[in-house]
1. Limited to segment 433-491, what total is found for residues that are without any contact (Cβ under 8 Å) to a residue 24 or more places away in the chain and either farther than 26 Å from Ser200 by Cβ or not hydroxyl-bearing (Ser, Thr, Tyr) (or both)?
2. Determine, yes or no, whether Glu422 is acidic (Asp, Glu) and either touching a strand residue (DSSP E or B) at 6+ places or on another chain (Cβ under 7 Å) or farther than 24 Å from Ser346 by Cα (or both).
3. Mind listing whichever residues of segment 188-204 are under 23 Å from the mean Cα position of the chain (by Cα), within 16 Å of Asp163 (Cα to Cα) and not hydrophobic (A, V, I, L, M, F, W, C)?
4. For segment 476-491, name all the residues that are over 12 Å from the mean Cα position of the chain (by Cα), open to solvent by 10 Å² or more (accessible area, probe 1.4 Å) and closer than 19 Å to Val540 by Cα.
5. Does Phe333 satisfy the criteria of being in contact with a Ser or Thr (Cβ under 9 Å, 6 or more places away or on another chain), in contact (Cβ under 8 Å) with a residue 24 or more places away in the chain and open to solvent by less than 10 Å² (accessible area, probe 1.4 Å)?
6. Of the numbered conditions (1) part of a helix (DSSP H, G or I); (2) touching a Leu at 6+ places or on another chain (Cβ under 9 Å); (3) surrounded by fewer than 16 Cβ atoms within 10 Å (Cβ to Cβ), Gln406 fails exactly one; give the number of that condition.
7. Determine whether segment 493-507 contains at least one residue that is out of contact with any Gly (no Cβ under 7 Å at 6 or more places or on another chain), open to solvent by less than 40 Å² (accessible area, probe 1.4 Å), among the hydroxyl-bearing types (Ser, Thr, Tyr) and closer than 28 Å to Lys280 by Cα.
Amino acid sequence: QELLVVSPTSTREPSTTQSQDGLEGKGLRNWLASRRSKKRPELIGFQPTVDFLNVVVSPHTSLETYVRTIIDEVMRILNADRCSIFFVNEVRKQVSLVGSVDLEPFSMPWDKGIVGAVACGGQIINLLDAHDHEAFDPSIEEQSGYLSKTLLAIPVLHALTLDQTIGVIQVLNKRGAANAAFSDSDAIELQKLAMVIGDSFYRQRWKALEAAATANDQHSAITSMLHDHDHERIPSSTHLQNRMPSSPDIRASLSGAEKLSEAGLAHPNTLGSLKFDALKYNSEELVAMVLVILLHSSCMDSCDVPVDCLKDWSMAVKDRYNDSPFHNFYHAFAAFQFTFFQISSSDVFSTLSAVNGFGLLIAALCHDLGHTGVNNSFLIRSHDELALRYNDNSVLENYHASLACQLLRQKKTAIASGLVAEDQATLRQTIIRCILATDMKLHGDLCRQLCGISSADQFSLSVIEDPAFAMNFCLHASDLSAQVLDWSIASKWERRISEEFFNQAQQEISMGLTPEPFMEFELDDPRRRGKLQRDFIDFVLVPLWEPYCKMIPSLEDCFGNLISNRDRYDLRTVNGWESEEDDSNEDLLPPSKLDK
């Protein structure tokens with residue numbers, strides 16, 4: 001038996017029965033060295049054709065055509081009899097067959113079989129006889145009737161970081177002489193191909209997960225919100241040359257406790273932290289913190305904001321929020337603070353003009369202004385006056401943006417009065433577009449656009465070239481940030497959105513309307529609530545936060561929290577009230593039975 005096991009992230013040399021002094025051993029070591037240094041080696045053996053590249057790179061290529069093209073190319077360059085393509089879903093801990101010569105698509109646990117060993121370990125496995133490997137699963141062979149002998153399986157790594165396995169390519173039975181084995185050179189060529197397709201593979205994988213969610217009736221209520229929508233650009237301010245401050249500058253400013261203490265804050269760095277909990281404060285304290293954030297983001301100085309107007313504006317914003325369980329001033333401030341957290345954590349946003357940065361923060365605090373505690377679907381189906389006013393198009397978002405702009409026109413709350421007319425127009429446009437981008441029907445479009453960006457450097461460049469997209473995504477992420485916080489905070493927000501959904505469902509039933517499936521549950525049913533929140537994370541939040549945290553590495557703790565919280569909700573679906581991970585079941589009770 002020949003067994004070659006190579007870890008792309010390991011520092012040890014590969015184990016192989018072939019001589020390490022041979023050409024193939026040296027080639028493999030050189031290839032691995034280049035992978036570890038994250039430099040792209042010169043492609044000597046595998047020379048992708050223009051036609052091949054056109055197919056795999058094009059965003060319009062269907063999944064079926066994409067995998068068929070890869071399978072044909074792999075079988076050609078390796079002279080293999082079979083090839084299968086698998087996607088890895090690290091959240092669901094599954095591998096899914098998406099392309100094969102003779103097998104129908106299926107999914108299985110990611111710790112099962114040789115493919116699972118590659119998916120979990122990120123290793124190359126090369127075998128003279130697949131049956132001799134301890135992870136070999138005979139069920140697939142029994143199902144297909146095809147006998148496996150020689151086998152080569154490699155991980156497809158995320159093109160940006162090279163530390164995440166997003167797929168597996170498996171080839172079977174080298175053609176030619178009897179018992180012909182796949183060589184080290186074959187493994188190298190296959191890894192070269194995997195490197196070439198890494199970026200497009202990630203996009204196809206994301207599209208497949210979204211399509212699978214749409215096709216699944218259990219999740220159709222969630223994914224029905226994900227529709228295409230044209231994206232428009234916002235021009236940068238041309239008159240005001242001031243830019244947003246850098247992340248270090250904001251951090252240094254926050255460390256100066258003197259100005260913060262004047263606003264009544266005991267802990268200066270709290271506002272720039274992922275651990276900030278808006279629900280721990282009263283509304284008056286949050287109003288004071290609005291001034292603090294705008295001060296330390298340099299917006300007050302750069303945009304000549306009148307202090308008296310700012311105080312009145314902050315109070316007016318608070319007063320225009322309704323007392324809904326979730327969509328209230330506390331959620332608005334949480335999104336506002338998280339937007340500031342993003343700005344203060346990464347220099348990506350320091351290239352925004354001060355006017356655009358000011359508009360982004362205003363939009364964050366006002367993005368749900370006047371929210372009635374029901375969604376757009378309810379307003380449209382009930383023929384609400386707002387739906388009639390805005391022609392069933394982004395009803396709530398248009399309403400929120402309108403109220404936000406009305407406040408800027410009133411003398412006592414005219415916080416943009418220090419700007420020249422041109423910058424006032426840019427500010428208003430920024431506020432409107434950012435708030436409209438929080439409509440969940442834009443979610444899929446925003447995520448797809450982000451997946452089309454190949455590196456953190458390219459994302460930073462996109463902030464300069466297209467500030468609209470960067471600001472829209474920043475606010476959209478802030479709006480959907482509750483579940484990327486610590487469990488102690490995230491679980492409180494889940495409780496609140498559950499009560500708001502429950503209340504809407506009761507209203508719909510009383511009106512003779514059928515509630516949406518994701519709103520049909522009882523507040524004292526932790527299993528159902530756990531499942532709904534887990535599915536929301538899987539099909540809505542992960543496609544957003546996974547690529548976003550790779551574009552902005554300083555946000556990586558967000559994705560870690562999200563997956564941790566996802567596991568908590570998954571546990572609830574099984575154990576309910578008796579969930580071992582819950583310190584108590586207090587957070588499962590309706591908010592009306594608890595303190596703020």
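The values are calculated or read from the model by the stated rules, or taken from the named source; none is laboratory data. Treat the numbers as computed from the prediction; the structure is a model and nothing was measured. Please note: Cβ atoms are built from the backbone with ideal geometry, for glycine as well, and neighbour counts cover all protein chains shown. Each accessible area value is taken on the protein alone, full model and side chains, heavy atoms only, with ligands, DNA and RNA left out. Shrake-Rupley method; radii C 1.70, N 1.55, O 1.52, S 1.80 Å.
1. First, the residues of segment 433-491 that are without any contact (Cβ under 8 Å) to a residue 24 or more places away in the chain: 457-458, 461-462, 465.
Narrowing further to those that are either farther than 26 Å from Ser200 by Cβ or not hydroxyl-bearing (Ser, Thr, Tyr) (or both): 457-458, 461, 465.
Residues in segment 433-491 being without any contact (Cβ under 8 Å) to a residue 24 or more places away in the chain and either farther than 26 Å from Ser200 by Cβ or not hydroxyl-bearing (Ser, Thr, Tyr) (or both): 4 in total.
2. On the way: acidic (Asp, Glu): yes; either touching a strand residue (DSSP E or B) at 6+ places or on another chain (Cβ under 7 Å) or farther than 24 Å from Ser346 by Cα (or both): yes.
It is true that Glu422 is acidic (Asp, Glu) and either touching a strand residue (DSSP E or B) at 6+ places or on another chain (Cβ under 7 Å) or farther than 24 Å from Ser346 by Cα (or both).
3. In the first step, residues of segment 188-204 are kept if they are under 23 Å from the mean Cα position of the chain (by Cα); the result is 195, 197-204.
With the extra rule that they be within 16 Å of Asp163 (Cα to Cα), the set shrinks to 195, 197-199, 201-202.
Within segment 188-204, Gly198, Asp199, Tyr202 qualify.
4. Asp479, Ala482, Leu485, Asp486, Trp487
5. Values: in contact with a Ser or Thr (Cβ under 9 Å, 6 or more places away or on another chain): yes; in contact (Cβ under 8 Å) with a residue 24 or more places away in the chain: yes; open to solvent by less than 10 Å² (accessible area, probe 1.4 Å): yes.
Taking the combined requirement at face value, the residue satisfies it.
6. Result: Gln406 fails condition (2) only.
7. yes
To keep it simple, each residue is scored yes or no on (1) surrounded by 21 or more Cβ atoms within 10 Å (Cβ to Cβ); (2) in contact with a Pro (Cβ under 8 Å, 6 or more places away or on another chain); (3) in a helix (DSSP H, G or I); (4) of a type outside the set (A, V, I, L, M, F, W, C).
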position	(1), (2), (3), (4)
Leu442	yes, no, yes, no
Cys447	yes, yes, yes, no
Phe459	yes, no, yes, no
Phe469	yes, no, yes, no
Cys474	yes, no, yes, no
Leu513	no, no, no, no
